[in-house]
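**Student:** Below is a structure I'd like to ask you about.
The values are calculated or read from the model by the stated rules, or taken from the named source; none is laboratory data. Bear in mind the structure is a predicted one, so any value in this text is a computation, not a measurement. Reconstructed Cβ throughout: ideal geometry from the backbone, glycine too, with neighbour counts over all protein chains shown. Quick note on the areas: whole protein, heavy atoms, side chains included, nothing else; ligands and nucleic acids left out. Shrake-Rupley method; radii C 1.70, N 1.55, O 1.52, S 1.80 Å.
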Amino acid sequence: GALRGVFAGSDESLKFQACLPLLRDFHDADAWIYVLDQVASTDPSRVLIAFNWIGDTKNCGQPPHPKLLQRIGELLAAKGDQRRAAVQALGAFTGDETNRLLVKLLADEDAAIVRQAEAAIQAQPNRELVRRLLSEALLASQDSPRRSQVELLLARLEQK
């Protein structure tokens, strides 16, 4: 409650500092959205800190809040660093919709996004769901580069 109070306040510096425990310990959707938006900041140190916080937040075993999922979808439609941050944030969550988005990102034109999606998929705790979604993607894929990408990822998952 105290952290939410600080976060709701008008002091930007305190609000930013309150985000890390809200992300890490409580997976607060508003804090996630705020930190994701900091990736577009003109302050390079704030951008770096935001990326570090997103990257340091491990899979919580829960699906993202619908509001956060919507914001991630908006950022995935954008260009540049915000897309990378969105994929990193998405990887901190689990669930059907999260995994569907991650599998869809395997066909992205940006190789860095594909690598992040692969890493996030491999970190997902529900292996059966991931295998099922990858198998569905494999059946639906006519694109040979994507198809081989999915086959490789499925093979890696089978080895674990």
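**Student:** Can you tell me which residues in segment 136-145 are in a helix (DSSP H, G or I) and open to solvent by less than 50 Å² (accessible area, probe 1.4 Å)?
**Tutor:** Residues satisfying the conditions are 137, 138.
**Student:** Only one of these conditions is not met by residue 42: (1) in contact (Cβ under 8 Å) with a residue 40 or more places away in the chain; (2) assigned to a loop (DSSP other than H, G, I, E, B). Which number is it?
**Tutor:** Going through the list (1) in contact (Cβ under 8 Å) with a residue 40 or more places away in the chain; (2) assigned to a loop (DSSP other than H, G, I, E, B), residue 42 breaks only (1).
**Student:** I'm trying to understand the selection: among the residues of segment 67-94, which are buried (at least 16 other Cβ atoms within 10 Å of the Cβ) and outside any helix (DSSP H, G or I)?
**Tutor:** The answer is 91, 92, 93, 94.
**Student:** Name the residue that is farthest from the chain's Cα centre (by Cα), counting only residues in segment 1-24 that are part of a helix (DSSP H, G or I) and polar (S, T, N, Q).
**Tutor:** So, considering only residues that are part of a helix (DSSP H, G or I) and polar (S, T, N, Q), the one farthest from the chain's Cα centre (by Cα) is 13.
**Student:** List, please: which pairs have Cβ atoms under 9 Å, are six or more places apart or on different chains, and start with a residue in segment 4-16 that is open to solvent by 80 Å² or more (accessible area, probe 1.4 Å) and end with one that is in a loop (DSSP other than H, G, I, E, B) and not small (Gly, Ala, Ser)?
**Tutor:** Qualifying pairs under 9 Å: 4/28.
**Student:** State all residues of segment 54-66 that are open to solvent by 40 Å² or more (accessible area, probe 1.4 Å) and closer than 17 Å to residue 38 by Cβ; if no residue qualifies, say none.
**Tutor:** Residue satisfying the conditions is 56 alone.
**Student:** Filter segment 118-134 down to residues that are open to solvent by 50 Å² or more (accessible area, probe 1.4 Å) and assigned to a helix (DSSP H, G or I), then give me how many there are.
**Tutor:** 4
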